Amino acid sequence: MSEVKYLTEFYHLNEFQGLDGYKKNGGYKELEKAFKMKPEEIIDVVKKSGLRGRGGAGFSTGMKWGFLPKNNEPRYLLCNADEGEPGTFKDRMMMEKAPHQLIEGMIISAYAINSKKSYIYIRGEYDYPIACVRKALEEAYSAGLLGKNILGSGFDHDMDVYVGAGAYICGEETGMISSLEGLKGQPKLKPPFPAVQGYLRKPTIVNNVETLAAVKYIIRDGADGFKKYGTEKSTGTKLFSLSGNVMKPGNFEVPLGYPLKDLIFDLGGGMKPGRKLKAVIPGGSSAPVLTADEAMRATMDYENLASLGTMLGSGAVIVIDDSQCMVDMLGTLTHFYHHESCGQCTPCREGTGWLDKIVHSILEGRGRLQDIDLLIKVADNMKGRTICALSDAAALPVLSFVSKFREEFEFFVREGRSQVKGTQYAQMHH
Amino acid sequence: MPKCTINGVHVEVKDGATIMEAFYKLDQGIAHYCYHPGLSVAGVCRLCIVDIEGNPRPQIACNTVVTEGMKVTNQSEKIKDGVKWVLDFHLINHPLDCPVCDQAGECGLQEQYMEYGKYNSEMAEPKVKKHKVVDLGPTVVLDSERCVLCSRCVRFTDEVSKTNELGLFNRGDKTEIGTFEGQELNNKYSLNTVDICPVGALTSKDFRFRQRVWYLKNSETVCTGCSTGCNVKVYYNKEGTFRVKPVFNEKVNGHWMCDDGRDIYKFVNVEHRQTVAHKITAGQKSEMVPGLAATEAYQVIKNTDDNNLAVVLTGQYTNEEYETALKNFKTKNIFHWKNKDENWKDFDGLLIRGDKNPNSKGLETALSKAGLKSDWKDLESGITSGKFTTVIVAGPENIKAYPCFDDRVKMIAKAENVIWMTACSSESFKAFHNNALIIPMKSYLEKAGTFTNYAGLDQSFKKATTIVSHALTLAEASFLMTGQTLPMPATAAVSKFIDDSRRTDQVMIENRKKNEFVFKRGNL
Amino acid sequence: MFQLSSEGLVEVKKELARYETKESAIIPSLFIAQKENKGWVSKEVVNYLSNVMDIPESKINEVFKFYTMFNQKPVGKYHVQVCATISCALVGARELSTHICNELKTHHGEVTEDGRFTVSRVECLGSCGTAPMMQVNDRYYENLTNESAMNILRGLK
């Protein structure tokens, strides 16, 4: 099966980045159409379309919008362009190639939820995407697509870019809100949920870049048009970021439900010469890993992957071939979570550090046999007890790597070196 | 007013109250570090997890609002196991400092561990190293390794003292409490952070390494630093008094006290006290027992006409003492010695008031009830003119609060006979050359009584301990000095100290007492 | 003593007025100040910003020390940040960063003797499909090999 160019239909055109090129290819037509609808109608059609959050949580977008209180409080729309999940790089492409698509989707969404102010929170390292979005905003303001009385609709809206400064935790919705408020990017206690009390304690909706861009297409094609793609519970298309040991890494847009093996071997060009598939992480580093057998049976939708004990997440597919040492790769992940834990709550703060130290002990040849079970015990006790899901995200890879590739861990502990690479950590690459 | 059930016990709480507040109301034990009733909710320690019926996931008690009919338990095996592990996470990087840590004996980690501990630590990796013995300022020392990052101290400097000195810097397990480089934790309420710190991360420079807390007894009393009358607990043993901590009182001081009040134990210790009575005659000083000095005083007073007798009182004695003294001294020349009363209306917005006496109001009330009103200027002129031949003074025990002390002593020393009652000794007494008797008094810790604070609230306290055993109270002295014998001590119950059913801040006091003689291990 | 240039001060004042609260301007102001302080944030910078923005030093310090893009120590003229998280590690990013360090005769995190380079290993930069890659100051350089990386670095003025 081939790609479906739904959101990415015109990404091959350089002019699509600018306002004129965007408008030439159907840009801002949906905005005009949306202004003719009532906000409740837009929320309704988004609900019916089955659109789910494309950033990782997969929560029904229409339902999230429905949680807003029915009062006159000012509400904020925050676009989550922090894209920190390892393996994910789709939002970057969208912002570089089609910033106006995002802006249009945001204005429509803001109109639907009656928000007068929105922010696009972009991670600080994305220098070029930030410049693209900033330029697009200027163009939009000049053309009267933002500001007062947009296109004569009577709807006012202001949009601004907020630049992050390097923290994965700011991709968590309340972490982002904290960061935007000028505090450290530490997640807030929930309840209250952002839809009720978010940015500056006002109702706030946080959505991913791809989710907001998709709203435009739901307006264009209606709920049924959107549901033509995907499965019954996972509707629409999704951009998947393919990376790791494949011939053709990159972003691919396919309908949800697409077979994972086709994504890797068809669109992704398959393994490098002489190498076999060993493991796949299907939804960003926080998703439990799949063995090669499981990966061959998987389809890229929320339900199927959940039934295999993993998750769709951000849709970042990380391919691992048989030349890689699983203990080593787990080491990069534990290092990542240890580095990125915000440090607020104790199980995550201490647990991520402990997991990292144990795995690196094993990697340095000092592992003990009980360390493997200890990894499982520590990871198990980090789950479900913290303010945000980073603790679970750190625990799940550890649990899945150890349970599915236990032999490699046991070998490393017994022999003091990698079963695959044959060498110790220190000799591997340092 | 929703009703809920905590571990099988029914309780009704205010609207919007959290489960933690319900636990507090019932005085049931629940593990927690970051929650404090006087600060905002942080929810970061994750120890207060509870099982709510109908909810598959454990929730934290400090941030979950009670709904009608909620059934909560923290005694299920799942919760106990969860608390065990969360506690273990707190401990994996905690240094083995107990032998040298001031907090030992009242440490949150020790107490939780006795209750829920794992007893088989599995951490075999090197611990995170952080700064130790950091000089945070004039009063507090920080040890970052011991810190469990509950953020109570940071919330305190943000919300209560509003001085924003403390912050949590860095990320992940490298996070440390601290001040910005070059700045100090220097505000008038800094030692409260030591009280609320559940572990030995913040310790008081004043108390550091001076006593093990299990050798200390404590007694609740009223702070004598100023007219606010914060409720405090003074810690003492045979070697002396060592420190002062606040006690919660909703009406007076909330959960806090100021740093000045922490010093009120200092002047009470025996090295500052007047321990024997002195009789000075024509420049010669001789020692005697206080009771005998008081009867000698009677000889002088008996031969003094009421018009020539002046009594000077300070606002540092109890209401009961004033009542008895005014009954016994029949003269109308009773003067209220005020120290810097132009500042008495000062208030810093939180707790500190300008009147540095605990019972000025009590004295004023007693004087007005007895219809006595005298102008201080008359005392000065009376002494200079020779009208007042005998001056009785109930001097301040907190002499530092009286900047004019030396001058006043010199002024009063001009009188023919001086009878000076004082708890503390002072170099200023060298000014006495004529006939003088210096009689030792009991300090506020050594007597039961009542102080009236600035707002007119009466607060009674029990006797804590005895430091100078033969010193007299003002009441006893007034009996002896007017030729009477000491009455039998009243056996009537002193009015209850504030609110006996109040909840102490240190939640695990009960657990500590429970463990005092029985070493109880968790599940092995 | 650190001081912003007049343009920098104008920028900071703009940021202070731009968001709903002035605290939101801390991150943008730290970026502005870092640029003018040779690529790192010192204690004096925080002091200065605290005065200009009228925000307590401890609050600015908390934000400063939380985020990785603010450097707490001086860095070389070119801060070479090589991503080493899983997708890049799978294709040899860590070997690349070691190679760069050896070629530049330095170690991770240090400033080279001529003050031109600091090489660091960082976490995921969102460029997983074009790995191995590196970020030099603001710019991404992707699809690197040992040779192409060194050519780029040697070509920097």
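For segment A:75-134, taking the residues that are outside any helix (DSSP H, G or I) and basic (Lys, Arg), the one that is surrounded by the most Cβ atoms within 10 Å (Cβ to Cβ) is identified as A:Arg123. Is it the case that some residue within segment A:242-250 is within 28 Å of C:Phe66 (Cβ to Cβ), within 12 Å of chain C (Cβ to nearest Cβ), of a type in the set (D, E, K, R) and in a loop (DSSP other than H, G, I, E, B)? Within segment A:242-250, not a single residue is within 28 Å of C:Phe66 (Cβ to Cβ), within 12 Å of chain C (Cβ to nearest Cβ), of a type in the set (D, E, K, R) and in a loop (DSSP other than H, G, I, E, B). Within segment C:1-24, restricting attention to residues that are surrounded by fewer than 16 Cβ atoms within 10 Å (Cβ to Cβ) and β-branched (Val, Ile, Thr), the residue that is nearest to the other protein chains (Cβ to nearest Cβ) is C:Thr21.
For segment C:137-152, a tally of residues being crowded, with 19+ Cβ neighbours inside 10 Å and more than 25 Å from A:Phe252 (Cβ to Cβ) returns 1. Considering A:Gly283, A:Gly270, the condition of being farther than 30 Å from A:Pro74 by Cβ, without any contact (Cβ under 8 Å) to a residue 40 or more places away in the chain and not in a helix (DSSP H, G or I) is satisfied by A:Gly270 alone. Inspect all residues belonging to segment A:396-406 and state whether any of them is within 14 Å of chain B (Cβ to nearest Cβ) and in contact with a Leu (Cβ under 9 Å, 6 or more places away or on another chain). No: zero hits.
For segment B:75-82, the criterion of being in contact (Cβ under 8 Å) with a residue 12 or more places away in the chain, more than 9 Å from every other protein chain (Cβ to nearest Cβ), part of a helix (DSSP H, G or I) and within 23 Å of A:Leu189 (Cβ to Cβ) is satisfied by at least one residue.
Starting from residues that are among the small types (Gly, Ala, Ser) and outside any helix (DSSP H, G or I), keep the ones in segment A:332-374 and report whichever is farthest from the other protein chains (Cβ to nearest Cβ). Ranking the candidates gives A:Gly365 first. Taking the conditions exactly as written (within 20 Å of B:Ala325 (Cα to Cα) and in the same structural domain as B:Tyr322 (by TED's automatic domain parsing)), does B:Asn417 satisfy them or not? Yes, satisfied. Restricting to segment C:77-120, name every residue that is in contact (Cβ under 8 Å) with a residue 40 or more places away in the chain, farther than 26 Å from A:His338 by Cα and not in a strand (DSSP E or B). Answer for segment C:77-120, where residues must be in contact (Cβ under 8 Å) with a residue 40 or more places away in the chain, farther than 26 Å from A:His338 by Cα and not in a strand (DSSP E or B): C:Lys77, C:Glu103, C:Leu104, C:Arg116. Scanning segment A:151-171 for residues that are outside any strand (DSSP E or B), crowded, with 20+ Cβ neighbours inside 10 Å and more than 10 Å from chain C (Cβ to nearest Cβ) gives a single hit, A:Gly171. Checked against (1) surrounded by fewer than 23 Cβ atoms within 10 Å (Cβ to Cβ); (2) at the interface with chain A (Cβ under 8 Å from one of its Cβ atoms), C:Ile27 passes all but a single condition, namely (1).
For A:Glu253, the criteria (1) within 14 Å of chain C (Cβ to nearest Cβ); (2) under 21 Å from A:Ala110 (Cβ atoms) hold in every case but one, which is (2). Among the residues of segment A:380-393, what is the count of those that are touching an Asp or Glu at 6+ places or on another chain (Cβ under 9 Å), more than 9 Å from chain B (Cβ to nearest Cβ) and in a helix (DSSP H, G or I)? The total comes to 2.
Residues checked against (1) under 28 Å from B:Leu350 (Cα atoms); (2) over 26 Å from the mean Cα position of the chain (by Cα):
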position	(1), (2)
B:Trp85	no, yes
B:Asp88	no, yes
B:Asn93	no, yes
B:Gly105	no, no
B:Arg155	yes, no
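If the condition is being touching a Cys at 6+ places or on another chain (Cβ under 8 Å) and more than 7 Å from every other protein chain (Cβ to nearest Cβ), then segment B:152-173 contributes B:Arg152, B:Cys153. Let me confirm something: among A:Arg123, A:Arg75, A:Arg92, which residue is closer than 29 Å to A:Pro191 by Cβ, within 14 Å of chain C (Cβ to nearest Cβ) and under 15 Å from the mean Cα position of the chain (by Cα)? Checking each option against the conditions leaves just A:Arg123. The set of residues in segment B:15-63 being within 18 Å of B:Glu111 (Cβ to Cβ), more than 14 Å from chain A (Cβ to nearest Cβ) and either hydrophobic (A, V, I, L, M, F, W, C) or not in a loop (DSSP other than H, G, I, E, B) (or both) consists of B:Phe23, B:Tyr24, B:Ile30.
Within segment B:273-304, restricting attention to residues that are touching a Lys or Arg at 6+ places or on another chain (Cβ under 7 Å) and assigned to a helix (DSSP H, G or I), the residue that is surrounded by the most Cβ atoms within 10 Å (Cβ to Cβ) is B:Ala293.
Considering segment B:113-134, and only residues there that are away from every other protein chain (no Cβ under 12 Å) and more than 19 Å from B:Thr175 (Cβ to Cβ), the residue that is surrounded by the most Cβ atoms within 10 Å (Cβ to Cβ) turns out to be B:Tyr116. Take the conditions surrounded by fewer than 19 Cβ atoms within 10 Å (Cβ to Cβ), within 14 Å of chain A (Cβ to nearest Cβ) and closer than 30 Å to A:Ser286 by Cβ and apply them to C:Gln72. Does it pass? Considered against the rule, which asks whether it is surrounded by fewer than 19 Cβ atoms within 10 Å (Cβ to Cβ), within 14 Å of chain A (Cβ to nearest Cβ) and closer than 30 Å to A:Ser286 by Cβ, C:Gln72 comes out as yes.
Scan segment A:175-223 for residues that are of a type in the set (Val, Ile, Thr) and either assigned to a loop (DSSP other than H, G, I, E, B) or not assigned by TED's automatic domain parsing to the domain that holds A:Trp65 (or both) and the total you get is 1.
The values are calculated or read from the model by the stated rules, or taken from the named source; none is laboratory data. Small disclaimer: the values here were computed from a predicted structure and weren't measured. Note that we place each Cβ from the backbone using ideal geometry, even for glycine, and neighbour counts take in every protein chain shown.
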